[in-house]
Amino acid sequence: MLKKNMKVKKTMLLYGAAGYTGKIIAARAKELSLDFEIAGREPIKIKELAEELNVPYHVFTVDDGDAWVNALKDKQVLLNAAGPFRFTAKQAMDACLKAGVHYIDISAELETYQLAESLDEEAKTAGIQLISGAGLFVSYDALVVHLSKSVEEPKQLKMGFRHYGGFSKGSVLSSKNIADLGVLVRKDGLITKSENPLPKVFSFGEEDVECLPTPLGGIILSYKSTGIPNIQEYFSLKLPATELSDLNLEKLPEGPTADERAKGRNAISGEITGKDGKVLKAWIDAPSGYDLTPLSVMAVANRILNNDFKIGYQSPGSAYGEEIIKDIPDTYLIDSKISE
């Protein structure tokens with residue numbers, strides 16, 4: 001059941017706005033003519049961006065509790081774009097719980113999904129919606145929800161993610177946290193390490209791609225959305241952190257240029273098996289990663305700003321179902337054939 005705030009709040013706070021992805025998100029918010037403010041810890045970068053966008057700004061570190069109180073005053077939603085999220089999510093979520101402000105982020109880190117999951121009761125008490133993983137995984141989760149409705153009693157889900165567009169500095173650092181976890185799967189309802197992680201070929205329209213077993217987040221987010229007991233996930237590339245011995249922040253590039261992002265597209269492929277053994281396949285054709293993230297997270301933020309939310313811990317799919325994909329420009333869900 002959707003809840004509505006008693007107070008009329010229409011303002012979003014974007015924390016981490018001066019980062020690579022944060023700037024792209026801010027540009028999307030401006031394009032949508034939303035009422036928003038920006039924040040971050042680097043005074044010069046935040047001030048310059050605020051002047052460019054003509055929006056109010058706040059400068060503070062994520063550990064500054066008093067600053068959070070001031071920045072979140074009269075806000076409807078906080079969008080946390082400051083990764084790695086293992087260093088920012090808890091402080092930002094705690095601030096939202098105290099302020100009664102909805103929380104979303106663009107994390108791809110399983111630890112932050114589990115943190116959000118653990119705060120379900122606190123979020124319900126505060127009357128807020130709490131979503132970690134409202135970036136790339138919005139369309140991913142929408143696809144899973146769609147597939148889950150198409151078979152009787154879904155028993156197994158396999159998801160493949162073909163990434164295009166390179167990696168930002170923040171994503172490289174976050175990938176280290178993912179790689180350190182090993183290959184995790186959901187087996188009979190429980191998260192466990194894979195006993196025999198092998199590559200799998202997925203079909204993305206006219207292209208078949210071998211993907212590597214990688215815990216992407218569906219084992220938490222899509223399990224929340226559907227309750228499918230067995231989930232395996234695969235990624236088309238090696239995580240960048242596994243290729244780099246030196247993760248010195250200063251040596252990493254900010255991220256791909258707009259022209260580089262425009263030269264290819266992301267794709268997400270899903271295979272679901274029902275209790276009768278039937279397998280249904282579908283896939284998502286979407287813009288490249290750092291174009292898809294701002295389109296996706298702003299689709300969620302815009303819903304919240306229009307009082308469309310569910311209180312407590314949510315995944316994109318549990319909050320908005322497969323319909324949210326219609327809010328993401330240039331993103332398409334394509335069904336494939338059913339097989340025995």
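Extension gain Glu48-Asp74, at 0.36 nm per residue separation less the Cα-Cα distance, in nm?
Values: separation 26, 0.36 × 26 = 9.36 nm, distance 2.38 nm.
Extending this stretch completely gives an extra 7.0 nm.
Please state the shape class of region 59-99: rounded when a/c is under 1.5, otherwise prolate if a/b exceeds b/c and oblate if not, all from the C-alpha gyration tensor.
Details: a/c = 1.71, a/b = 1.43, b/c = 1.19.
Here region 59-99 falls in the prolate category.
Quote the FRET efficiency, to the nearest 0.05, computed for Asp259 versus Lys10 with a Förster distance R0 of 51 Å and r equal to the Cβ-Cβ distance.
Working: r = 34 Å, r/R0 = 0.67.
Rounded to the nearest 0.05, the efficiency is 0.90.
Counting Lys and Arg as +1 and Asp and Glu as -1, each charge on the Cβ, what is the dipole of region 1-157 about the Cα centre in debye, to the nearest 20? Intermediate results must be reported in sequence, preceding the final value.
Values: 19 positive and 22 negative charges, 93 e Å.
For this selection, approximately 440 debye.
Taking N as the number of residues in region 259-310, what value does Rg over Cα atoms divided by 2.2 N^0.38 Å take?
On the way: Rg = 15.9 Å, N = 52, 2.2 N^0.38 = 9.9 Å.
Rg over 2.2 N^0.38 Å, computed on Cα atoms: 1.61.
Hey, if we sort His146, His102 by accessible area with the 1.4 Å probe, largest down, what's the order? Could you put the intermediate results ahead of the total?
Working: His146 30, His102 0 Å².
The ranking, largest first, comes out as His146, His102.
So, counting K/R as plus one and D/E as minus one, what does the shell of residues with Cβ under 12 Å around Pro229 add up to?
Details: positive: Lys155, Arg186, Lys187, Lys275; negative: Glu153, Asp188.
Within the 12 Å Cβ shell, the charges total +2.
Ile24 accessible area, nearest 10 Å², 1.4 Å probe?
30 Å²
Nothing charged except the Cβ atoms of Lys and Arg (+1) and of Asp and Glu (-1): what's the magnitude of the dipole of the chain about its Cα centre? Round to the nearest 20 debye. Kindly include the intermediate steps, with their values, before the conclusion.
Numbers: 40 positive and 47 negative charges, 121 e Å.
Taking the Cα centre of the chain as origin, the dipole is about 580 debye.
Take the alpha carbon gyration tensor of region 188-227, find the square roots of its eigenvalues, order them as a ≥ b ≥ c, and report rounded if a/c is under 1.5; if not, report prolate when a/b exceeds b/c, else oblate. Write out the running numbers ahead of the final one.
On the way: a/c = 3.08, a/b = 1.48, b/c = 2.08.
Because a/c hits 1.5 or more and a/b fails to exceed b/c, region 188-227 counts as oblate.
If you rank Asp327, Asp74, Asp285 by how much accessible surface each has, with a 1.4 Å probe, what is the order from largest down? The partial results should precede the final answer.
On the way: Asp327 60, Asp74 105, Asp285 35 Å².
Sorted by accessible area, descending: Asp74, Asp327, Asp285.
Have a look at Pro213, Pro43, Pro154 and tell me which one the Gaussian network model of the chain (Cα, springs below 10 Å) gives the largest fluctuation.
Pro43
Multiplying the sequence separation of Asp35 and Val201 by 0.36 nm and subtracting their Cα-Cα distance, what value in nm do you get?
55.4 nm
May I ask what percent, to the nearest 5, of DSSP beta bridges between residues of the chain are antiparallel? Display every interim value, and only then the final one.
Details: 34 of 61 bridges.
Rounded to the nearest five, the antiparallel share is 55 percent.
How would you classify region 1-114 from its alpha-carbon gyration tensor, with a ≥ b ≥ c the square roots of the eigenvalues: rounded for a/c under 1.5, else prolate if a/b is greater than b/c, otherwise oblate?
Working: a/c = 1.38, a/b = 1.10, b/c = 1.25.
Rounded, since a/c falls under 1.5.
Only Cα pairs within less than 10 Å get springs; with that Gaussian network setup on the chain, which residue of Ser269, Ser33, Ser139 has the largest fluctuation?
Answer for the Gaussian network model of the chain: Ser33.
Per-residue ellipticity at 222 nm for the chain, helices alone: DSSP H runs ≥ 4 residues times -39500 (n - 2.57), over residue total, nearest 500 deg cm²/dmol?
Details: 12 runs with 112 residues, N = 340.
It lands at -9500 deg cm²/dmol.
Among Val279, Val55, Val144, which one shows the biggest mean-square fluctuation in a GNM of the chain, springs joining Cα atoms closer than 10 Å?
Evaluated over the chain, the most mobile residue of the options is Val55.
At a 1.4 Å probe radius, which order do Trp283, Trp68 fall into by accessible area, largest first?
Values: Trp283 40, Trp68 10 Å².
Largest to smallest exposure gives the sequence Trp283, Trp68.
In the chain, if every C-alpha pair distance is counted and binned at 20 Å from zero, what percent goes to each bin?
33, 59, 8
Please report the carbon-and-sulfur percent of the accessible area for the chain; probe 1.4 Å, protein heavy atoms only, DNA, RNA and ligands left out.
On the way: 7450 of 14990 Å².
Of all accessible area on the chain, carbon and sulfur atoms account for 50 percent.
Using all Cα-Cα distances in region 273-340, what percent lands in each 10 angstrom bin from 0 up to the longest?
Using 10 Å bins, I get a P(r) of 17, 40, 28, 14, 1 for region 273-340.
Have a look at region 52-157 and give its Rg and Dmax from the Cα atoms, expressed in angstrom.
Considering region 52-157 through its Cα atoms, Rg and Dmax are 16.0, 52 Å.
At Ile334 and Asp188, where each label point lies 7 Å from the Cα along Cα→Cβ, what is the point-to-point distance in nanometres?
Computed distance between label sites Ile334 and Asp188 equals 3.8 nm.
The values are calculated or read from the model by the stated rules, or taken from the named source; none is laboratory data. Only a predicted model underlies this, so the values are computations on that prediction, with no experimental measurement involved. Glycine also receives a Cβ, built like all others from the backbone with ideal geometry; neighbour counts cover every protein chain displayed. The area values use the complete protein model at the heavy-atom level, side chains included, leaving out ligands, DNA and RNA. Shrake-Rupley method; radii C 1.70, N 1.55, O 1.52, S 1.80 Å.
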